[in-house]
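The values are calculated or read from the model by the stated rules, or taken from the named source; none is laboratory data. No experiment lies behind these values; they were computed from the predicted model shown. No Cβ is skipped: glycine too gets one built from the backbone with ideal geometry, and neighbour counts run over all protein chains shown. With ligands, DNA and RNA removed, areas are computed over all heavy atoms of the protein, side chains included. Shrake-Rupley method; radii C 1.70, N 1.55, O 1.52, S 1.80 Å.
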Amino acid sequence: MFLLLPFDSLVVNLLGISITVLFTLLLVFIIVPAIFGVSFGIRKVYMKTLLKIFQWATLRIERGAKEKNHPLYKPYINGIIAKEPTSLEEEIKEIRRSGSGKALDTPEFELSDVFYFCRKGIETIMDDEVTKRFSAEELESWNLLSRTNYNFQYISLRLTVLWGLGVLIRYCFLLPLRIALAFTGISLLVTGTTVVGYLPNGRCKEFLSRHVHLMCYRICVRALTAIITYHDRENRPRNGGICVANHTSPIDVIILASDGYYAMVGQIHGGLMGVIQRAMVKACPHVWFERSEVKDRHLVAKRLTEHVQDKSKLPILIFPEGTCINNTSVMMFKKGSFEIGATVYPVAIKYDPQFGDAFWNSSKYGMVTYLLRMMTSWAIVCSVWYLPPMTRQPEEDAVHFANRVKSAIARQGGLVDLLWDGGLKREKVKDAFKEEQQKLYSKMIVGNHEDRSRS
């Protein structure tokens, strides 16, 4: 037994040295650069290396597929049915012309009109442009994480070994490192904001609060190996305004807050999230609501209005879609944040799914499972565009203003601009949408009949 003591002592010493070296590397290469907002470029080199590996793997897959006579990969296209943007009136006119030969001026109902609605219904079932926005975005190549095309199964031993090596790197090296960084960032955020919260209000408190928030969010960004490219930073949101952005993931907040200082808006939670919220609000005027207050639109609007009217307060960060969309489109913006008359600062966020899927499918994955998927991905790569500030026009209502901002974000981010409500993710289609088509058809029939009567 005594002969083992020197060996045990050696193991303990080696373990202690390893932990010291690890924390020293974290401090020097991650935490200190996060404090000063600098980067050594290690993540970009890592990204370029991954790209070369993905390119080699894709070429090897295509070559292996040809050798085994497997179908070659067909890039995913947005929609399996070719649709032309035509109106209800034009399509029914074409159906009548090719069928009965009667003109659209005929006021009577034609049985052939039913074919238009049948075809639209079948197209919607086969290629629903709403539901597919709530599933993971398809990839054009294999990123050694998951297979997005099941034509590609076992191709070669080298490819399988590469995938296995990637699993070891992601789960045995990157995951522990990222968990340590996330724990460090959250701990510093809670501790730092709590300490700053005891200081008297003034420039010193605001200065310290800003830098504590930025430092902690930058550490959390590094915990995801996030590689972010910010464009047009001169348009970053300013005090007294509202920052609105498209919503793909809960980490959207971290992505934006690592480059700016915002007042958050949200519901008060319990558990760890509640501890973080209570600590943050001590150092910064965030806008938190009780569960019973969230559904009170007037109370929410009043609190937001009071905040933006004080030009010394931070810009509010809001995601008007109200739910996460899969990085391919932007869905309807809720009009509430566009009714209070503040300057709106649009922000477009676009993720590169080649390195990891940032979309949170909340109906499929819980928060813990989602974060585990993020921390075991290769990296989170995204681009952020700060658009010029926009204000509501004199004759413009909140709905049209929201749609104008949404269109600008979609256009800049290369996203599909959809009018559908993201609430359809969990709710049924409202009767108003169904009645709209009925009104268009009845107006077409009755309107033509009235015009004919006048003539």
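Each row is one residue, and each column tells you yes or no for (1) open to solvent by 60 Å² or more (accessible area, probe 1.4 Å); (2) at pLDDT below 75; (3) not in a helix (DSSP H, G or I).
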| site | (1), (2), (3) |
| --- | --- |
| D8 | yes, yes, no |
| I30 | no, yes, no |
| A34 | no, yes, no |
| M47 | no, no, no |
| N69 | yes, yes, yes |
| A82 | yes, yes, yes |
| E94 | yes, yes, no |
| P107 | no, yes, yes |
| F115 | yes, yes, no |
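A count restricted to the range 193-212 and to residues that are in a helix (DSSP H, G or I) and either under 17 Å from P250 (Cβ atoms) or more than 28 Å from the chain's Cα centre (by Cα) (or both) stands at 10.
For every residue, the table says whether it meets (1) modelled with pLDDT under 60; (2) of a type in the set (V, I, T); (3) farther than 30 Å from V330 by Cβ; (4) loosely packed, with under 13 Cβ neighbours inside 10 Å.
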site: F134; (1), (2), (3), (4): no, no, no, no
site: E138; (1), (2), (3), (4): no, no, no, no
site: L145; (1), (2), (3), (4): no, no, no, no
site: T148; (1), (2), (3), (4): yes, yes, no, no
site: S156; (1), (2), (3), (4): no, no, yes, no
site: L159; (1), (2), (3), (4): no, no, yes, no
site: G164; (1), (2), (3), (4): no, no, yes, yes
site: L168; (1), (2), (3), (4): no, no, yes, yes
site: A180; (1), (2), (3), (4): no, no, yes, no
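Is it the case that I445 is modelled with pLDDT under 90, surrounded by 12 or more Cβ atoms within 10 Å (Cβ to Cβ) and part of a loop (DSSP other than H, G, I, E, B)? Taking the combined requirement at face value, the residue does not satisfy it. Here the condition is being of a type in the set (S, T, Y) and in contact with a strand residue (DSSP E or B) (Cβ under 8 Å, 6 or more places away or on another chain); of Y230, Y198, Y217, it holds for Y230 alone. Of note, S407 does not satisfy the criterion of being over 30 Å from E339 (Cβ atoms), of a type in the set (S, T, N, Q) and modelled with pLDDT of 85 or more. G423 meets the conditions (1) modelled with pLDDT of 85 or more; (2) under 17 Å from the mean Cα position of the chain (by Cα); (3) among the small types (G, A, S) in every case but one. The failed one is (1). Scanning the range 253-280 for residues that are closer than 26 Å to M332 by Cα and not in a loop (DSSP other than H, G, I, E, B) turns up V253, I254, I255, L256, A257, A263, M264, V265, G266, Q267. Criterion first (within 29 Å of K311 (Cα to Cα) and exposed (fewer than 13 other Cβ atoms within 10 Å of the Cβ)) does N201 satisfy it? The answer is yes for N201. For C216, are the conditions met, namely being outside any loop (DSSP other than H, G, I, E, B) and free of Cβ contacts under 8 Å to residues at least 12 places away in the same chain? Criteria not met by C216. Only one of the listed residues (I276, I268) is over 30 Å from L418 (Cα atoms), touching a Leu at 6+ places or on another chain (Cβ under 8 Å) and surrounded by fewer than 19 Cβ atoms within 10 Å (Cβ to Cβ). That residue is I276.
Within the range 219-252, the residues that satisfy the criterion of being assigned to a strand (DSSP E or B), over 13 Å from A34 (Cα atoms) and open to solvent by less than 40 Å² (accessible area, probe 1.4 Å) are I227, I228, I242, C243, V244, A245.
Can you tell me which residues in the range 383-402 are part of a loop (DSSP other than H, G, I, E, B), open to solvent by less than 50 Å² (accessible area, probe 1.4 Å) and either under 20 Å from V167 (Cα atoms) or in contact (Cβ under 8 Å) with a residue 60 or more places away in the chain (or both)? If the condition is that a residue be part of a loop (DSSP other than H, G, I, E, B), open to solvent by less than 50 Å² (accessible area, probe 1.4 Å) and either under 20 Å from V167 (Cα atoms) or in contact (Cβ under 8 Å) with a residue 60 or more places away in the chain (or both), then L387 is the only one that fits. If you filter the range 328-349 down to residues that are of a type in the set (S, T, Y) and not in a helix (DSSP H, G or I), you find that the one that is surrounded by the most Cβ atoms within 10 Å (Cβ to Cβ) is Y345.
Kindly establish whether I380 is closer than 30 Å to I42 by Cα, open to solvent by less than 20 Å² (accessible area, probe 1.4 Å), of a type outside the set (G, A, S) and at pLDDT 75 or above. Spelling it out, I380 is indeed closer than 30 Å to I42 by Cα, open to solvent by less than 20 Å² (accessible area, probe 1.4 Å), of a type outside the set (G, A, S) and at pLDDT 75 or above.
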